[in-house]
Amino acid sequence: MSVNSFGRLFRFTTWGESHGPAIGAVVDGCPPGLAIDESAIQPFLDARRPGQSKFTTQRQEPDQVRILSGVFDGKTTGTPISLMIENVDQRSKDYSDVARAYRPGHADYAYDAKYGFRDYRGGGRSSARETASRVAAGAVARLVIPEVKICAYVSEIGGDMIDPGNFDEAEIANNPFFCPDVAAVARWEKIIDDARKAGSSVGAVVECSASGVPAGWGAPLYGKLDADLAAAMMGINAVKGVEIGDGFAAARLTGETNADPMRPAKETGPDGAPEFTANHAGGIAGGISTGQPVTCRVAFKPTSSILTPQPTVTREGQATELFTKGRHDPCVGIRGVPVVEAMMALVLADHKLLHRGQCG
């Protein structure tokens, strides 16, 4: 079977290919009566849109979303919401060499091995172009969780990390890297420029935090919030690692340093929710949210489409070299920020409805 859907009660399915006429998503399970129109979705697509700076691909896609169903008089009807984004700037001729040989680091060979043929135009379904559909669906999911604030940013590019002491959330929207550390921006400009001029690419780490998530979302044992969150993030193109809370760093701590100590709440009294003095667990314990911010870190590999020739084989198994023509991101993780936020919203919306369905 082909698995193109994600979620249980709040479920979305993406469709379309990188160089097809359009891409889109169908969102099912959205509660009725939520105010929505294209303007509620477009800002998130604009944040992911290509061609906005010299540090991203120069493919020029307006990414204008159209709502085709599931909305009447500006409100969701409770029926499937169909979203469409037209592709207007494909250059399929750039991929003529890819038709005969597999690009190293891409899914070309894996798709061919599975299906017996493949869409070589920009990678088809394996292209990061598909993530625009997720961002559109994520904008709908945010309407389901108005109590939650989601903030993602790039914390590392090419091995160069931000200084947490310089963190300024207001700076995230002020530079093309979604960077909260203004001092890191100049360094990253050089890193990306050097990689682009060398015909290469670099990786990145995106961190995401969702505050306002109440205690109780998620379920043991096979509906864990962190498990679904990890699956959602790993499903993003080019993602090769996900950490919840301290993640791998927790393996280097002791039991007492890794614990998240609790104290009686000062405002609500001894019968209210406790106050936590740390959040090593990333706001999730036993697969259930604790009321702390839900946090994760997502590692994006370097963009596989590079101008440096790489050894590969043709479909007939003959040795050759190949470099990828066309317009590509020297660091795909930069535009991954809105996608990470979208997947966080989609998972949390699903778990909010699942919790309400079981616990009222």
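The values are calculated or read from the model by the stated rules, or taken from the named source; none is laboratory data. Since this is a predicted model, take the numbers as computed values, not measurements. All Cβ positions, glycine included, derive from the backbone under ideal geometry; neighbour counts span all protein chains shown. When the accessible area is computed, the model is the full protein with side chains, heavy atoms only, and any ligands, DNA or RNA have been set aside. Shrake-Rupley method; radii C 1.70, N 1.55, O 1.52, S 1.80 Å.
Here are the numbers:
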read-out	value
Subset tally (residues that are part of a loop (DSSP other than H, G, I, E, B) and either at pLDDT 85 or above or over 14 Å from Glu17 (Cα atoms) (or both)) for the range 89-111	8
Residues of the range 154-167 satisfying the condition of being part of a loop (DSSP other than H, G, I, E, B), more than 11 Å from Gly203 (Cα to Cα) and in contact with a helix residue (DSSP H, G or I) (Cβ under 7 Å, 6 or more places away or on another chain)	Ile162, Asp163
Leading residue by the ranking (nearest to Gly78 (Cα to Cα)) among those in the range 328-354 that are out of contact with any strand residue (DSSP E or B) (no Cβ under 8 Å at 6 or more places or on another chain), open to solvent by 20 Å² or more (accessible area, probe 1.4 Å) and assigned to a helix (DSSP H, G or I)	Lys352
Cβ pairs under 6 Å, 6+ apart, first in the range 24-38 and over 23 Å from Asp63 (Cα atoms), second of a type in the set (Lys, Arg) and outside any loop (DSSP other than H, G, I, E, B)	Gly29/Arg11; Gly33/Lys75
Qualifying positions in the range 116-144 - buried (at least 24 other Cβ atoms within 10 Å of the Cβ) and in a loop (DSSP other than H, G, I, E, B)	Gly122, Gly123
Filter pass, Asp194 being crowded, with 19+ Cβ neighbours inside 10 Å and either at pLDDT below 95 or of a type outside the set (A, V, I, L, M, F, W, C) (or both)	no
Filter result (open to solvent by less than 40 Å² (accessible area, probe 1.4 Å) and either more than 17 Å from Arg335 (Cα to Cα) or free of Cβ contacts under 8 Å to residues at least 40 places away in the same chain (or both)) within the range 173-187	Asn175, Cys179, Pro180, Asp181, Ala184, Val185
Some residue of the range 306-327 being without any contact (Cβ under 8 Å) to a residue 12 or more places away in the chain, on the phi < 0 side of the Ramachandran plot, open to solvent by less than 70 Å² (accessible area, probe 1.4 Å) and not in a loop (DSSP other than H, G, I, E, B)	no
Exclusive hit being hydrophobic (A, V, I, L, M, F, W, C) and at pLDDT 95 or above, set Ala273, Ala285	Ala285
The range 1-44, subset β-branched (Val, Ile, Thr) and either surrounded by fewer than 17 Cβ atoms within 10 Å (Cβ to Cβ) or in a loop (DSSP other than H, G, I, E, B) (or both), residue modelled with the lowest pLDDT	Val3
Test result for Gly216, open to solvent by 10 Å² or more (accessible area, probe 1.4 Å), within 22 Å of the chain's Cα centre (by Cα) and farther than 30 Å from Ser39 by Cα	no
Cross-chain or 6+ apart pairs with Cβ under 6 Å, the range 151-165 first and surrounded by fewer than 17 Cβ atoms within 10 Å (Cβ to Cβ), then among the acidic types (Asp, Glu)	Asp163/Asp181
